[in-house]
């Protein structure tokens, strides 16, 4: 499991505290007002920001000081999920060959399968600019599939997609997380996404990331901070 | 981290190669008593010519930049491109062109003679200043043009709707912009002219027209007075550092700005006087820049067919030096393409090539014959001198790449090699090509350290042109100069083009 133990993040006069335990193989939404620190929380877990105090543990191992690439974490960002000058095959190849070397025939096979898995069979030679928004998102998912890491962080990667495409992508992510047996942690500003995607939800508000609660219970009886955010007086 | 240690190695190499020769000069310096009587005159001449050159360049740049900012005419894009050309133009080629234009047999003097007017001379203070204005007027024009293009369109529209007179327009909009831009432009050009060597070597000379750089060369080459050369080097170093710091402060970092092709929408300058002024400025600057270059091409063409073996060998040396310094400069620039690296790279500008050359000469001499190292030392110094330009071009792009893809690469855990091979280099291709082109052309045309070190067996092409001029073989010199010009332009074009293919 992923433990945040007395975590304190500080940037200027902004502070975020977090104390929680997230189960492996679960799907968790992160909601809260903008500027509350949702992305900061994900950055801490991914290793892009150093906490001021506290520890991050995965299966009991302290990963607080590890570099982003050595953590058991794969990330989908808001944008720049693929290198635009490289073909999809090369992009995915980099996820397998972090040293930049040639991919083997076996790895090529894996890349083909991952692309087929997200409905992009035969797209290996294309560059990201030749894809639609939905196709690019699916290609990024194929990358996460190949990375095969037990924690997946999603920082509103589908914010630019239309409602139907976004719903499709969320169910694909859910399938993928189940297939990999991974913990998926997704930032969203849309309560409908959280309900659709996650059985549990972390509320980030007033400088604190609360421990996860049942999504349905949280939204049917929201605390004041969430009520204000949702616009329910 | 591997990337960090590479940057540290590159930084240490830059520091060692700039500071150790300077230290060698310092240790060898014979004290102030070693100055010769003419050296005070050299200092005065250096300051006077730099002041005049920078002053005239900036003064003439104002009407030219204004004309370019508000007029559209056929060939405007070409003229703007031409303003970038002196940067990669070998000094010795321009000097030959200027002699053909303003020299005693030049077309200007023939015109003056036909009108019964006295002859003008291209040698001495005049000539040095004319050559410096030839090289720096385009730079000044580009800097001022940037100022004009950065003027907010809303303000110009407001001025037009109020119906401001040209004078009121100048006072409210243009004068404040010029007051902001001109001191920096003046300072940058002043610094460039302070370290003038090749121009002073060819058009100056004699007790009344010697710069400090030229005095260093003469002390080394003719008197072999190392103590005096070292003292002069210190003087030059102090001049360059002080003026360089002032310029850095005033200029706020001029760029090689693309986008000078734009024209601002303006509603003023419709009057006959304004049109005449703008047309005149553009015509004069085009003639001033194009005539010498055209004459080099015309007079050099016959000589191209009868290039001597010495010239061809020198061309081969120059090509090797240019390619070596390009490779070295880029190897240095890649790990140093950060803000701190760029500041460090400025050492290459602050410390004059002649001072570096003198220091390296002093260091090498106990171990081996320094003349045998003439070409490698030239390649090394050229790489150092080009480094600030390469960094200025590469740094913003490299930072943008790190900004855009650093997180993705970090989260994947890409190795330093994979990052460089698959992300940094492919995305940096265009600016790398441009930087390589500039470095290669600068190095190809350089006439500096090589003059200090060279013996008859190891000339570069610019030095060969100078030697041919010195022995009055003007036709051969003009042929070699045209070859040099073509080689410099071709190198720039090939590298720059290479960076654009598929990018």
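Sorted from longest to shortest, the spans of the Cα atoms of chain B along the three principal axes equal 77, 74, 50 Å. With viscosity 0.890 mPa s and temperature 25 °C, the Kirkwood radius over alpha carbon pairs of region B:33-305 converts through Stokes-Einstein to a diffusion coefficient of 120 µm²/s.
Take the convex hull of the alpha carbons in region B:105-252; its mean projected area over all directions comes to 12.9 nm².
Angle of helix A:105-117 to the longest C-alpha principal axis of chain A, folded into 0 to 90 degrees and rounded to 10: 60°. Dimensions of region A:84-148 based on its C-alpha atoms, expressed as ranges along the principal axes with the largest first, amount to 28, 23, 19 Å.
Between residue B:457 and residue B:294, what length in nm is gained on full extension when 0.36 nm per residue of separation is reduced by their alpha carbon distance?
Working: separation 163, 0.36 × 163 = 58.68 nm, distance 3.15 nm.
Gain in length upon complete extension: 55.5 nm.
Based on Cα atoms of region B:278-345, Rg over Rh with Rh as the Kirkwood radius reads 1.23. Using a Gaussian network model of chain A in which every pair of alpha carbons under 10 angstrom is joined by a spring, one finds that among A:47, A:60, A:99 the greatest mean-square fluctuation is at A:99. Measuring nothing but how far apart in sequence close Cα pairs (under 8 Å, 6+ apart) lie, relative to its length, chain B scores a relative contact order of 25 percent. Shielding of peptide A:78-87 by partners, expressed as the average count of other chain Cβ atoms within 10 Å per residue Cβ, is 4. The long axis of helix A:163-180 is offset from the longest Cα principal axis of chain A by roughly 80 degrees. Placing one equal scatterer on every Cα of region B:81-123 and applying the Debye formula, the log10 ratio I(q)/I(0) at q = 0.15 Å⁻¹ is -0.45.
Shape summary: region A:125-202 maps onto an equivalent ellipsoid whose semi-axes, from the alpha-carbon gyration tensor, are 20, 17, 9 Å in decreasing order.
Helical content alone sets the calculated 222 nm signal of the protein assembly as shown at -20000 deg cm²/dmol, taking -39,500 (n - 2.57) per DSSP H segment of four or more residues and averaging over every residue. Projected onto its three principal axes, the C-alpha set of region B:25-164 covers 66, 50, 29 Å, listed from the longest axis down. Kirkwood's formula applied to the C-alpha pairs of chain A gives a hydrodynamic radius of 18.4 angstrom. Between residue B:500 and residue B:104, the simple label model (points 7 Å from Cα in the Cβ direction) yields a spacing of 4.5 nm.
By the gyration tensor of its Cα atoms, with a ≥ b ≥ c the square roots of the eigenvalues, what is the shape of region B:379-503: rounded for a/c under 1.5, prolate for a/b over b/c, or oblate? Cα axes put region B:379-503 in the prolate bin. Once you divide the Cα radius of gyration of region B:431-503 by 2.2 N^0.38 Å, the number left is 1.29.
Pairwise Cα distances in region A:39-80 exceed 12 Å in 58 percent of cases. Scattering from region A:57-108 was approximated by placing one identical point on each alpha carbon and applying the Debye formula without solvent; log10 I(q)/I(0) at 0.14, 0.17, 0.30, 0.31 1/Å stands at -0.52, -0.71, -1.18, -1.21. Per the Debye formula on identical point scatterers at the alpha carbon atoms of region B:198-250, with no solvent, log10 I(q)/I(0) at q = 0.15, 0.19, 0.20 Å⁻¹ is -0.48, -0.69, -0.74.
Among A:83-92, A:136-145, the peptide with the highest mean count of other Cβ atoms within 10 Å heads the list, and the full ranking is A:136-145, A:83-92. Note on the protein assembly as shown: Cα-Cα pairs beyond 52 Å make up 30% of the total pair count. Counts of other chain beta carbons within 10 angstrom of each beta carbon in peptide A:94-102 average 5. The Rg/Rh ratio of region A:1-88, with both radii computed over alpha carbons and Rh defined as the Kirkwood radius, is 0.99.
Based on C-alpha pairs under 8 angstrom that are at least 6 apart in sequence, region A:1-140 has a relative contact order of 20 percent.
Each of residue A:23 and residue A:148 was given a label point 7 Å from its Cα along the Cα-to-Cβ line. The distance between the two points is 2.6 nm.
Where a number appears in this text, it was derived from the coordinates with a stated rule and is not lab data. Just so you know, these numbers come straight off a predicted model, no measurement behind them. Neighbour counts are summed over all protein chains in view; Cβ atoms, including those assigned to glycine, are modelled from backbone coordinates with ideal geometry.
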